[in-house]
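Asker: What follows is a single structure, and I will ask about it in a moment.
The values are calculated or read from the model by the stated rules, or taken from the named source; none is laboratory data. Values in this document were obtained by computation on a predicted structure and should not be read as measured data. Cβ placement follows ideal geometry from the backbone for every residue including glycine, while neighbour counts extend to all protein chains displayed.
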Amino acid sequence: MPAKPVLFALLAGLCAAAVLAAAETKPAKAPPAKTEALDYAGQLAAKLEPTRVVVYKKVGDRQLHLNIFEPEGLRPSDRRACFLTIHGGGWTGLEPRRQYPFAAHFARLGLVGISVEYRLVTPGSGTTVFDCVKDARSAVRYVRAHAAQLGIDPQKIIANGGSAGGHLAAGTALFDGVDEAGEDTKVSSTPCAMVLFFPVIDTSQAGYGNAKIGARWQELSPLHRVRPGLPPTIVFHGTGDTVTPFPGAEAFREAMLKAGNRCELAPCEGGTHGYLMRDRAQCEEALRRTEAFLASLGLLEKKDSAL
């Protein structure tokens, strides 16, 4: 066979082999991402927007915001109660929008509703759970220090949160000394009441968050930081919760009562973690019971629910 045809055939074969190899090693095109269906709270949140957004803290070049839902007719001279709510997500995910339905609900009842943004524990961020706690405490301090501009009574701040957000809400009162460097700690971060939804309440190995917090877990364990003089508290928790196990909530209530604090436990029989975010009836029941609890403290005028 002449040399040129042989060379041509060889080159053609090599090209074909290369094309085949490329086709075999090229990653398959990923299927279109599926849009996760929103749960009940997510559906409500998608339709809501705050009245205003303010920066409450700067950490380096990062600004942290309060998403404020103002009640109708609010004036700066008012002294409204404030329902400050903090989202969950294991300290690593989700966003303030998750709690918009609760801030908006209590704004409709005449309170100032606020959903808090805080730093998340994400890879490479350098943020720890201690930083999350510092942000929550800073948020309460900001609201109290700026109450006159926000139309809020500084002695009527309610801290609420779900899961890890419930942990941070509890931390505003329980974790004294976990504060941002240079912050004016003469302004108290302690709310006048706490409403905790399926909170991370025990950070021992029997509870949740032990590995994320590390050796100093006991400093950030609400169950292990109970003392006299804490704000009245109501805890909503499912008996079937295996993420933040229900026995921790029971132990927390007992510790609070033993210390002379008011603490109510509202169990949901068989409820799993986050149950009231998914189920309309359970969510509405939790809100009704929260309203009654706040009314008993003089923090909410008892009237028809905004549901």
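Asker: Going by the conditions given, is residue 73 free of Cβ contacts under 8 Å to residues at least 12 places away in the same chain and surrounded by fewer than 18 Cβ atoms within 10 Å (Cβ to Cβ)?
Answerer: Numbers: free of Cβ contacts under 8 Å to residues at least 12 places away in the same chain: yes; surrounded by fewer than 18 Cβ atoms within 10 Å (Cβ to Cβ): yes.
The answer is yes for residue 73.
Asker: Right, something else. Can you tell me how many residues in segment 48-63 are surrounded by 19 or more Cβ atoms within 10 Å (Cβ to Cβ) and over 14 Å from residue 146 (Cβ atoms)?
Answerer: Keep residues of segment 48-63 that are surrounded by 19 or more Cβ atoms within 10 Å (Cβ to Cβ), which gives 50, 56-57.
If we keep only those that are over 14 Å from residue 146 (Cβ atoms) as well, we get 50.
Residues that pass the stated criteria total 1.
Asker: Among the listed residues 229, 207, 248, identify the single one that is without any contact (Cβ under 8 Å) to a residue 60 or more places away in the chain, out of contact with any helix residue (DSSP H, G or I) (no Cβ under 9 Å at 6 or more places or on another chain) and among the small types (Gly, Ala, Ser). Quick ask: steps written out before the conclusion?
Answerer: On the way: 207 fails: out of contact with any helix residue (DSSP H, G or I) (no Cβ under 9 Å at 6 or more places or on another chain); 248 fails: out of contact with any helix residue (DSSP H, G or I) (no Cβ under 9 Å at 6 or more places or on another chain).
None of the other options fit; the residue is 229.
Asker: Sticking with this structure for a sec: Output the residues belonging to segment 236-277 that are of a type in the set (Phe, Trp, Tyr), over 15 Å from residue 208 (Cα atoms) and part of a helix (DSSP H, G or I). Break it down stepwise before answering.
Answerer: The first filter runs over segment 236-277 and keeps only residues of a type in the set (Phe, Trp, Tyr), leaving 236, 246, 252, 275.
Now narrow it down to the ones that are over 15 Å from residue 208 (Cα atoms): 236, 275.
Scanning segment 236-277 gives a single hit, 275.
Asker: Does segment 292-302 hold any residues that are in contact with a helix residue (DSSP H, G or I) (Cβ under 8 Å, 6 or more places away or on another chain) and either farther than 20 Å from residue 113 by Cβ or buried (at least 17 other Cβ atoms within 10 Å of the Cβ) (or both), and which are they? Steps first, answer last, please.
Answerer: Taking segment 292-302 as the starting set, the residues that turn out to be in contact with a helix residue (DSSP H, G or I) (Cβ under 8 Å, 6 or more places away or on another chain) are 300-302.
The answer is 300, and nothing else.
Asker: Out of (1) part of a helix (DSSP H, G or I); (2) closer than 15 Å to residue 76 by Cα, what's the single condition that is false for residue 134?
Answerer: Of the numbered conditions (1) part of a helix (DSSP H, G or I); (2) closer than 15 Å to residue 76 by Cα, the odd one out for residue 134 is (2).
Asker: Name every residue in segment 229-242 that is within 10 Å of residue 199 (Cα to Cα) and surrounded by fewer than 22 Cβ atoms within 10 Å (Cβ to Cβ), in order of residue number.
Answerer: Here is the first cut: in segment 229-242, the ones within 10 Å of residue 199 (Cα to Cα) are 235-237.
Scanning segment 229-242 gives no hits.
Conditions (1) under 23 Å from residue 170 (Cα atoms); (2) touching a Leu at 6+ places or on another chain (Cβ under 7 Å); (3) modelled with pLDDT of 95 or more; (4) not aliphatic (A, V, I, L, M), marked per residue:
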| site | (1), (2), (3), (4) |
| --- | --- |
| 57 | yes, yes, yes, yes |
| 70 | no, no, yes, yes |
| 90 | yes, no, yes, yes |
| 96 | yes, no, yes, yes |
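Asker: Please determine, by comparing only the residues of segment 174-220 that are under 22 Å from residue 247 (Cβ atoms) and of a type in the set (S, T, N, Q), which one is surrounded by the fewest Cβ atoms within 10 Å (Cβ to Cβ).
Answerer: By that ranking, first place goes to 205.
Asker: Another question, if that's okay. Going by the structure shown, is residue 34 in contact with a strand residue (DSSP E or B) (Cβ under 6 Å, 6 or more places away or on another chain), of a type in the set (Lys, Arg) and either at pLDDT 95 or above or not in a strand (DSSP E or B) (or both)? It would help to see each step written out before you state the result.
Answerer: On the way: in contact with a strand residue (DSSP E or B) (Cβ under 6 Å, 6 or more places away or on another chain): no; of a type in the set (Lys, Arg): yes; either at pLDDT 95 or above or not in a strand (DSSP E or B) (or both): yes.
Answer is no for this residue.
Asker: In the list 289, 278, which residue meets the criterion of being touching a residue at least 24 places away in the same chain (Cβ under 8 Å), surrounded by fewer than 21 Cβ atoms within 10 Å (Cβ to Cβ) and either more than 21 Å from the chain's Cα centre (by Cα) or under 25 Å from residue 156 (Cα atoms) (or both)? Spell out the reasoning first.
Answerer: On the way: 278 fails: either more than 21 Å from the chain's Cα centre (by Cα) or under 25 Å from residue 156 (Cα atoms) (or both).
Exactly one of 289, 278 is touching a residue at least 24 places away in the same chain (Cβ under 8 Å), surrounded by fewer than 21 Cβ atoms within 10 Å (Cβ to Cβ) and either more than 21 Å from the chain's Cα centre (by Cα) or under 25 Å from residue 156 (Cα atoms) (or both), namely 289.
Asker: Would segment 190-197 turn up any residue that is modelled with pLDDT of 95 or more, touching a Ser or Thr at 6+ places or on another chain (Cβ under 7 Å) and on the phi > 0 side of the Ramachandran plot?
Answerer: Checked against the condition, which is being modelled with pLDDT of 95 or more, touching a Ser or Thr at 6+ places or on another chain (Cβ under 7 Å) and on the phi > 0 side of the Ramachandran plot, segment 190-197 yields no hits at all.
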